[in-house]
Each structure stands twice: as structure tokens, then as C-alpha cells.
Amino acid sequence: MANSEYEYVKREFEFDRRLPPSNWIVVRIDGCHFHRFSKIHAFEKPNDKNALTLMNDCATAMLEKFPDIVFAYGVSDEYSFVFREETEFYHRREGKILSLCVSYFTSLYVMKWKGFFPNKELKEPPYFDARAVCYPNLKTIRDYLAWRQVDCHINNQYNTCFWMLVKSGKSEQEAQLALKGTFAKDKNELLAQQFQINYDDEPAMFRKGSSVYREKVETTVKIDDYKNPIKRPRLKVTVAHVDIIGPEFWENHQDILREGKFMHEFVKKSAVDRMLPPCNWIVVRINCCQFDQFSTFHSFDKPNDESALRLMNASASLMMEQYPDIVFGYGFSNEYSFVFHDKTELYQRQESLILSSCSSYFTSLYMTKWKGFFPHKELMQTPRFEAEALCYPKLKIACEYLSWRQAECHAGNQYNTCFWMLVKSGKSEKEAHEILKGTLSKDKNELLFQQFQMNYNNEPAMFRKGSCIYRHKVEELAEAESSDNGTASDRWDVKVDHVDLGPGFWRKHSWIMSNCNK
């Protein structure tokens, strides 16, 4: 860590928000703008079997990846993941749990897309938001899952009627009016009388949603000397479309959750989200998890891979286009910080939704843009990003946060440059670490110059200073309607820069944080 004057921004403003102990944690992931996404990709209505199976496959992979998830329930573009009450996953840090789960789910969704839609290209990056809710006992967990399945039934029954009416020739407005004020029995009668459909015969996945859990199955582990199979019970992730409101499922699967018979109407009251304080600048900092492993797996150049950094910058630039309230971004290596202006009302400043949607969208962009920067490298491992939200009451402190991150960039890059030059010269990694132990900045500069004839200050600015992303005004010519002469008009474009973030930068670019372009 760089021992700089700016580190107070971490010490005084960054806190771990931990979810309370001895509570079951539910992380509910929900698709962002999926009405539009499903329309663009021509999903079947009211249910697209391939889209639902894709969601289920992602949920299955989530349980395989995270042992602390004991149960998952999904419907449409939503999935709820139940973590066991004693989990110490990420020490119960809410931001880490939320962002990692939604980022990994998004990564899986993009990577698995071709397997379920081989003839459909992704036309826009899918992304999700998420929230974490704590439930104190098994009673509320059972009720929570019952509530989601009740919602599944209500919504699917309505949508089945709605789309049958539309397909029969009614407009969407006419279909809504026809269903207004109807009860479940009315909708069943409508389907039976007008369309000869028995709603109970519709696929269970549509009516009941999907439950994902681990189940013991007999698995052949080896063959004995007499060629007889030796079987042992093993846990396997299973997807089922069954009733989870009544007691039967839970009685037959007591190893998942204990049985209980409770009502489920009140569980919404537990879902209270944390609001970030008003009139504070919000910084969302995103980091790629296990990046050393990911970069080694994909053979990134050391100490810096220019293509990988440009991919991060391209993803960050598109983040600013998606979120107009982001006024500035700063990134280096596997990290990016996004500064939201102090008056933002994105998601009504709900922390979980801001964190989860940002980490999910960034993940989706990173994956969908991969080919453009690595045309000859297949994405072999799912990248996943964690995020945290930081609040700064004054603009000066937000700017000094960015200075702190740039100081970290300089210190980290200078060390890594020395380290990898030593390794490439024949030293082992352990020897390189020992040589650099306790060295100061000037020592590293001297090492590079004397041993490798390198002037550190001549290294690319993107490596030494990181990348700044902000909007700047571009003048362009617009055709005048009544004249052959062009007229000048202003456009705001996203710019990537590699400069010092000292007071001089902010004086020269005073419009960035003053929101004059909003």
C-alpha cells in the first residue's frame, strides 16, 4: 500500500457493513430492463423455455461454486439464493456478497448463452441487480420462499391469459382491460372457455418456478475386483419444479430446511434496504476477484497487459453511457472506481441495487467486449467482480480519494515493474520479492535504471498513472434546415485520459464535478 497523505479517505470513510450473525441470508437477483431485453431477443411469450432453463443452469452453477448456498428458487428473470444461517462467506460483508453473487451470475449467463440460444447473438449486455435480506429463523425462510412461489403463480396465470388474448387478436390495452379485477377462478375459466386450456396442465416450470438444491444420489465410485460397481451416496445439485408452499417437499427434504407451517404475508416487511446518505458523493469501487489466477489462466502480459487495460477502459466508458449520474471514473489493473454526483437518485440511493447493478453491468460489458480486445483468446474462465459503495460528504474528499487510488497505482506498478523485470532476468519469484523487500521508490528507480537501463518515467502513462474517464464537450457541425451553412452544436463524449489527478487537473476540468453537462 502507498503510504501517502491521502490514505485517510480509507481510514475514516470505508467501513465494513456486515450482515447480522445467526440470520439466514437471502440474495435475490433480478434482471434489469428484462422486458426490453426479452423483446430485443424475441423471447417467447408468456414463457420462453430456453431462457428459463438458462437461468436454472446459472443457478445450478452458483450452488456448485458456493457451498454456503443451500437452496435457490427462480421464476422469470429472478432468482433467490438462500445462504445457511451460520455462513461466514466474505465475513458476511454485505457489499462483497451482493456484488460477487450478481457478477458471477451475470458472467455465467453470458458464457452459457450460446448453449441455449445457438442461433441468437447477444444484442446488448444483460445485467442484474440484487438485494440481501436477513431472516432470523426457519419460519421466515419458509414463508419467504412460499411468497415467491405465490407470486410466480399469480404472475404466470395473468401472463398466460394476457398473451393468449393478444395472440387471439386483442391489443395489449384491450387484454389488460379484459383482465382487470379478475380473480384466479375467472382466469381459469377464460383459458378453458376461450382457448380450451386447462391451466393445471401447463408445464410445472412455468406454474411453480424452479427449485435448486443438493440431493443425495447413489453414485458409482469404483469397480471392485469382481467387476461389481461400488456405490456411495453423493450430493448432486438438482433442479425441480414442485410445490414448496405445502409441507410435503420439506418433509421429504429435511436436510435442506426444517419443516414448519407458517403464513407468508408478512415477509416483505423484513426486506428493508439501506439508503446511502443524501448530498454525499457516492463512489462504487469494482475489483476483479482472484485476478492473479484469471490473468495467469489467460496469459496476460506482465507487469501490464495493454489489451486487458483497454478492455477495462472500454467497459468503464460504456458504464458512463449507461449511468448518466457517473461523472468520473478512475481505473488501474483490475480495479475501477466510479464517482456518482452528490445529487444522484439512482435507485433512490438504495445501496444494494446500486452495487449489484453496477457490478453486474460491468461484468456483462467485460465479457461481451472480450473478443474485440482478445480476438485470438477464448474466454476460458468466468470473470467476476466484487464492489463496495463509499460515501464522501465533500467534493474535496472525493477528489482526494481518487488521488489515493492513483498513489496506489503508482506504488503497485513500480513494484510490479521491478518484480517482473527481475523474474524475466532469471530470478525466482521468491528471490525477486526478497530483493525488493523494504526498498523505497527511489531504490526501485535506481534498480530499473542500473540493471535494465529503464527510465521508469518513460513507461506508458496508462501503466504509471492509471486511466481517467470523464465527459468532455465536442463541437460538431449540424446541417441547418434553411441554409447551406453548417451550424456548430455541442456534444458530450466520454474521454479516456492518463494524467496526474492533482489540483491542477481539477482546476482545468472544473466542469466534471460541477455537472454543467447534466
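The values are calculated or read from the model by the stated rules, or taken from the named source; none is laboratory data. All figures in this text were calculated on a predicted structure; none of them were measured in a lab. Neighbour counts run over all protein chains shown; Cβ positions are idealised from the backbone, glycine included. Side chains included, ligands, DNA and RNA excluded: accessible areas come from the protein's heavy atoms. Shrake-Rupley method; radii C 1.70, N 1.55, O 1.52, S 1.80 Å.
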With Phe71, Phe89, Phe81, Phe43 as the choices, which residue is modelled with pLDDT under 95 and aromatic (Phe, Trp, Tyr)?
-> Phe89
Note on region 19-42: residues buried (at least 18 other Cβ atoms within 10 Å of the Cβ) and more than 22 Å from the chain's Cα centre (by Cα) are Asn23
Every listed condition ((1) among the β-branched types (Val, Ile, Thr); (2) touching a helix residue (DSSP H, G or I) at 6+ places or on another chain (Cβ under 6 Å); (3) farther than 27 Å from Trp506 by Cβ) holds for Ile354 save (3)
Would you please name the residue that is nearest to Met205 (Cα to Cα), looking only at residues in region 1-37 that are among the polar types (S, T, N, Q) and out of contact with any helix residue (DSSP H, G or I) (no Cβ under 7 Å at 6 or more places or on another chain)?
-> Asn23
Quick one: how many residues across region 133-180 are within 27 Å of Glu44 (Cβ to Cβ), charged (D, E, K, R) and open to solvent by 60 Å² or more (accessible area, probe 1.4 Å)?
-> 5
Scan Arg148, Arg131 and give me the residue that is assigned to a helix (DSSP H, G or I) and on the phi < 0 side of the Ramachandran plot.
-> Arg148
Inside region 413-518, counting only helices (runs of 4 or more DSSP H) that do not spill past its ends, which hold 1 or more residues that are at pLDDT below 95, under 30 Å from Pro324 (Cα atoms) and of a type in the set (Val, Ile, Thr)?
-> 511-514
Could you check, for region 136-145, whether at least one of its residues is touching a Ser or Thr at 6+ places or on another chain (Cβ under 7 Å) and in a loop (DSSP other than H, G, I, E, B)?
-> no
Would a scan of region 453-460 turn up a residue that is open to solvent by less than 60 Å² (accessible area, probe 1.4 Å), touching a residue at least 40 places away in the same chain (Cβ under 8 Å), within 27 Å of Ala314 (Cβ to Cβ) and in contact with a Gly (Cβ under 9 Å, 6 or more places away or on another chain)?
-> no
Residues in region 368-386: is at least one among the polar types (S, T, N, Q) and out of contact with any Phe, Trp or Tyr (no Cβ under 8 Å at 6 or more places or on another chain)?
-> yes
Ile97 open to solvent by less than 20 Å² (accessible area, probe 1.4 Å) and in a strand (DSSP E or B) = no
Long-range neighbours under 9 Å by Cβ, at least six apart or interchain, first residue part of a loop (DSSP other than H, G, I, E, B) within region 5-20, second open to solvent by 100 Å² or more (accessible area, probe 1.4 Å) = Asp16/His91
Pairs, please: C-beta under 6 Å, at least 6 apart or cross-chain, first residue without any contact (Cβ under 8 Å) to a residue 60 or more places away in the chain and in region 204-229, second of a type outside the set (Phe, Trp, Tyr) and surrounded by 20 or more Cβ atoms within 10 Å (Cβ to Cβ)?
-> Arg207/Asn156
Members of region 22-37 that are of a type outside the set (Lys, Arg) and part of a strand (DSSP E or B) | Trp24, Ile25, Val26, Val27, Ile29, Asp30, Gly31
Given (1) modelled with pLDDT of 95 or more; (2) over 29 Å from Asp243 (Cβ atoms), index of the condition Gly169 fails = (1)
Across region 45-59, what is the total count of residues that are in a helix (DSSP H, G or I), open to solvent by 20 Å² or more (accessible area, probe 1.4 Å) and among the polar types (S, T, N, Q)?
-> 2
When you look at Ala130, is it touching a residue at least 12 places away in the same chain (Cβ under 8 Å), among the small types (Gly, Ala, Ser), open to solvent by less than 20 Å² (accessible area, probe 1.4 Å) and over 29 Å from Ala314 (Cβ atoms), yes or no?
-> no
